[in-house]
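Asker: Below are the structure tokens for one structure; questions will follow.
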Amino acid sequence: MKKKEVKYLGDEGVVREKLMIRRIECGNETIVEADYSCIAANIEELYFLAEQGRRFSVGLLKVWKKNSVDDIIKYIRNAHSTEALIDTFCKEFRITKDVAESLANMRLSEITGIRIEDLPHRVEYFTKAAKNLKELLELDKSTSYDDLIEYESNK
């Protein structure tokens with residue numbers, strides 16, 4: 001499939017490149033046009049997901065450093081409800097409620113598949129991703145469209 005560049009005139013009469021976004025939902029593929037504001041929204045969402053992944057990985061690292069999989073399974077077996085399990089995880093492991101909830105909702109095969117050796121790498125990955133995405137968000141907030149045009153013309 002060839003990549004086609006689509007351009008249009010913005011409100012200022014300046015040619016802007018229009019972006020094409022491919023989405024697949026429930027097996028249906030759609031391609032929609034979007035402008036640059038769409039990129040900022042996508043970066044915000046990716047930043048949120050990277051932060052969420054970092055928090056979850058840090059929480060799992062705290063749990064796995066002090067507990068074995070057998071300890072975690074014991075807590076799961078002894079819990080009377082999901083809410084009680086979440087409260088137990090929060091108290092025993094000193095993790096946030098969202099991390100405890102994610103852990104409580106994991107399948108047993110996912111829990112037994114977590115390896116302590118992989119968790120520091122996951123923390124590092126999500127930390128770097130969040131840092132880089134945050135820099136992009138700050139750049140977007142501090143840069144006006146006129147600055148971008150001037151930057152492009154000086155290249």
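The values are calculated or read from the model by the stated rules, or taken from the named source; none is laboratory data. These figures come from a predicted structure and were not determined experimentally. Glycine also receives a Cβ, built like all others from the backbone with ideal geometry; neighbour counts cover every protein chain displayed.
Asker: When both residues are 6+ apart or on different chains and their Cβ atoms are under 7 Å apart, which pairs have a first residue that lies in segment 45-61 and is closer than 19 Å to Gly113 by Cα, and a second that is assigned to a helix (DSSP H, G or I) and of a type in the set (S, T, N, Q)?
Answerer: Arg54/Thr127; Phe56/Ser102
Asker: List the number of the failed condition for Glu138; all other conditions in (1) without any contact (Cβ under 8 Å) to a residue 40 or more places away in the chain; (2) within 20 Å of Lys65 (Cα to Cα) hold.
Answerer: Of everything listed in (1) without any contact (Cβ under 8 Å) to a residue 40 or more places away in the chain; (2) within 20 Å of Lys65 (Cα to Cα), Glu138 misses just condition (2).
Asker: Condition check: within 29 Å of Glu135 (Cβ to Cβ), in contact with a helix residue (DSSP H, G or I) (Cβ under 9 Å, 6 or more places away or on another chain) and basic (Lys, Arg). Does Arg54 satisfy that?
Answerer: For Arg54, the condition - within 29 Å of Glu135 (Cβ to Cβ), in contact with a helix residue (DSSP H, G or I) (Cβ under 9 Å, 6 or more places away or on another chain) and basic (Lys, Arg) - is met.
Asker: Exactly one of (1) over 27 Å from Asp98 (Cβ atoms); (2) modelled with pLDDT of 65 or more; (3) exposed (fewer than 10 other Cβ atoms within 10 Å of the Cβ); (4) not basic (Lys, Arg) is unmet by Val32. Its number?
Answerer: (3)
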